[in-house]
Amino acid sequence: MTNRHALIVALSVVALVLLAALPAFAEKFYVQLFTKILIMAIFAMSLDLLVGYTGLVSFGHAAFFGFAGYLLALVTPQYQAASLWLSLAIALAGSALLALAIGAFVLRTSGVYFIMVTLAFAQMLYFLFHDTKIAGGSDGVYIYVRPLATIAGWRPFDLENFVHYYYVVLALAVATFLLLWRVIASLFGGVIVGIRVNEHRMRSLGYPTFRYKLACFVLSGTLAGLAGYLATVQFGFVNPDMLGWHLSGSVLLMVILGGMGTLIGPALGALAMLVLEIAFQALPVVGAVNIGKHWQLLM
Amino acid sequence: MNEAVLVTEGLTRYFGGLAAVVGVSIACERGRVHAIIGPNGAGKSTLVNMLSGDLVPSSGRVTLRGADITGVAAHRISRLGIGRSYQKTNIFLPFTAFENCRLAAQSRLASSMRFFRPARAYRTLAEAAERALAAAGLDARGDMPAAALSHGEQRQLEIAMTLATEPEVLLLDEPLAGMGADESARMVELLRSLRASHAILLVEHDMDAVFSLADRLTVMVNGAVLASGSAEEIRANPAVQEAYLGEA
């Protein structure tokens, strides 16, 4: 093992220990902030699989994030809790199917057209939920009771407890990282990176590239759905902004800011974006410009 | 007796109103090198692109061992046993030479929808990649990024990747393009060693190489076949001398 590898492993272990110990020394606000950061890290890593590894710049990734959230809202009975396992399975399967359907269309394009078409599909979904009465229309809908993690009468953790929830999200973020890391080193990973580098040559070597890109799109969309489900559980609320281009742009910015094709980079990008957002909120209004609201312009 | 493996009948391709290839009928046999020569713009690369599935013919037929493969997609053609190299080096520059060949060998698996086991754990793929590198004379360069190889070595890698797909037919589009004298000589030896076990279609401008390798030559001018025959017949053909060889 080289020095560089040893350093990376050591830093990862330190970061993981600090994250695991966070609730022991941090106030509730910070534990919840880091819960949000870890959720956005899952979202950013899922997009990195498309943008950084396969070379598909999606500008509509919020579609899967928001759709999973809406599925949770739709299966939760009013004033009662849904089952975590059932609602999570429905949300993941739903975002996977949505990714399969959207991917079957958008993956016929590439380059700047791909960016525009992914955006168009996400906006269609946005307006579907915005302009109809499904789940409260433009107002969105509240989820008053968080899902219950009950297995045959036994409840291993309670999502109403913010520390429990933090650990659930931390475990899922680490699992997402390890899953994607394995996938990238697999035969499938070799194919998708080959597609990014030289798709024409991949075809002439005998790879039906479309179906590999579609599989990648579905995996990425499903993980984005996981992030959207977790965000909905945390905030107890869905509205059409969860599907909007603003969020698609933010997560793309996290991936680019943190470093495409590195997995850990986009996770750090999520950390940087959310911490900066809070830091800049304190900035004053200068003339007619509210710096705290439009801080991204400074980048 | 050699059997014709890859046969074309009246193959034609138009780009808008321009006829790039018109009514070309040729055959490639196992154990033989069939060379296509002709001036720039004669339609040689268009012909190869139709055989490899990169282009769909406007009319005419392509058959592989008697089965019609006209207009079949490039990835299917590759899996049917037709491998090609490109005139402009077409490799994965950020990957090492070994990884380029492993990816090529991996394409022979029924499916690469394998998500968990690390790629380097597949010994048979690594061995196939090593064999292809050795066959192309690149065994010492396996760990180098393809981008760091010399031009000649990149051309060798191009061939190695094609070999790693274990094709029955080799379509080689100007394998000697841009090579120095030493590199060319080595490539000619490599192609000679591949002749026995493959049907080879060779598009090449280097006449010394063509006449030393080819069992059969087809001369194309303006998209059509001007003459076809053995090296001696082509050399003696007055039309060919006027149209093409005379320029040199």
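For the range B:56-89, a tally of residues being crowded, with 16+ Cβ neighbours inside 10 Å and under 16 Å from residue A:208 (Cα atoms) returns 10.
Residues checked against (1) in contact with a Ser or Thr (Cβ under 9 Å, 6 or more places away or on another chain); (2) farther than 16 Å from residue A:60 by Cβ; (3) of a type in the set (Ser, Thr, Tyr); (4) surrounded by fewer than 19 Cβ atoms within 10 Å (Cβ to Cβ):
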{"residue": "A:224", "(1), (2), (3), (4)": "yes, no, no, no"}
{"residue": "A:229", "(1), (2), (3), (4)": "yes, yes, yes, no"}
{"residue": "A:242", "(1), (2), (3), (4)": "yes, no, no, no"}
{"residue": "A:246", "(1), (2), (3), (4)": "no, no, no, yes"}
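When residue B:6 is tested against (1) buried (at least 21 other Cβ atoms within 10 Å of the Cβ); (2) more than 16 Å from the chain's Cα centre (by Cα); (3) away from every other protein chain (no Cβ under 14 Å), only condition (2) is not met. The set of residues from the range A:10-67 being of a type in the set (D, E, K, R) and either outside any helix (DSSP H, G or I) or free of Cβ contacts under 8 Å to residues at least 24 places away in the same chain (or both) comprises just one member, A:27. Residues that are part of a helix (DSSP H, G or I), touching a Phe, Trp or Tyr at 6+ places or on another chain (Cβ under 7 Å) and not β-branched (Val, Ile, Thr) are absent from the range A:74-81.
Within the range B:82-99, the residues that satisfy the criterion of being facing chain A (nearest Cβ under 9 Å) and not small (Gly, Ala, Ser) are B:84, B:86, B:90, B:91, B:92, B:93, B:94, B:95, B:99.
Once the range B:55-76 is narrowed to residues that are aliphatic (A, V, I, L, M) and within 8 Å of another protein chain (Cβ to nearest Cβ), the residue that is nearest to residue B:172 (Cα to Cα) is B:74.
Please state which one of A:159, A:172, A:178 is surrounded by 14 or more Cβ atoms within 10 Å (Cβ to Cβ), closer than 19 Å to residue A:222 by Cα and aliphatic (A, V, I, L, M). Result: A:172 is the single residue among A:159, A:172, A:178 that is surrounded by 14 or more Cβ atoms within 10 Å (Cβ to Cβ), closer than 19 Å to residue A:222 by Cα and aliphatic (A, V, I, L, M). Number of residues in the range A:184-197 that are of a type outside the set (Gly, Ala, Ser), within 9 Å of chain B (Cβ to nearest Cβ) and surrounded by 19 or more Cβ atoms within 10 Å (Cβ to Cβ): the value is 4. In the range A:200-229, the residues that are within 12 Å of chain B (Cβ to nearest Cβ) form Cβ pairs under 9 Å with partners that are among the basic types (Lys, Arg) and in a loop (DSSP other than H, G, I, E, B), at six or more places apart or across chains, as follows: A:206/B:108; A:210/A:108.
Count of the range B:100-151 residues, restricted to those that are outside any helix (DSSP H, G or I) and either more than 10 Å from chain A (Cβ to nearest Cβ) or in contact with a His (Cβ under 7 Å, 6 or more places away or on another chain) (or both), is 10.
Residue-by-condition table, conditions (1) modelled with pLDDT of 90 or more; (2) closer than 15 Å to residue B:33 by Cα; (3) assigned to a loop (DSSP other than H, G, I, E, B):
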{"position": "B:186", "(1), (2), (3)": "no, no, no"}
{"position": "B:192", "(1), (2), (3)": "yes, yes, no"}
{"position": "B:202", "(1), (2), (3)": "yes, yes, no"}
{"position": "B:208", "(1), (2), (3)": "no, yes, no"}
{"position": "B:217", "(1), (2), (3)": "yes, yes, no"}
{"position": "B:227", "(1), (2), (3)": "no, no, no"}
{"position": "B:235", "(1), (2), (3)": "no, no, no"}
{"position": "B:242", "(1), (2), (3)": "no, no, no"}
{"position": "B:246", "(1), (2), (3)": "no, no, no"}
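Determine if the range B:154-161 includes at least one residue that is free of Cβ contacts under 8 Å to residues at least 40 places away in the same chain and in contact with a strand residue (DSSP E or B) (Cβ under 7 Å, 6 or more places away or on another chain). So far as the range B:154-161 goes, no, none of its residues is free of Cβ contacts under 8 Å to residues at least 40 places away in the same chain and in contact with a strand residue (DSSP E or B) (Cβ under 7 Å, 6 or more places away or on another chain). Picking from residues in the range B:152-171 that are in a helix (DSSP H, G or I) and surrounded by fewer than 23 Cβ atoms within 10 Å (Cβ to Cβ), the one that is modelled with the lowest pLDDT is B:152. Taking (1) crowded, with 24+ Cβ neighbours inside 10 Å; (2) within 20 Å of residue A:159 (Cα to Cα); (3) of a type outside the set (S, T, N, Q) in turn, residue A:251 satisfies each apart from (2). Here residue B:162 meets the list (1) farther than 30 Å from residue B:140 by Cα; (2) assigned by TED's automatic domain parsing to the domain that holds residue B:128 almost entirely, failing just condition (1).
The values are calculated or read from the model by the stated rules, or taken from the named source; none is laboratory data. This one's a predicted model, so the numbers in the text were calculated from it and none came from an experiment. Every residue, glycine among them, receives a Cβ derived from its backbone with ideal geometry; neighbour counts consider all protein chains shown.
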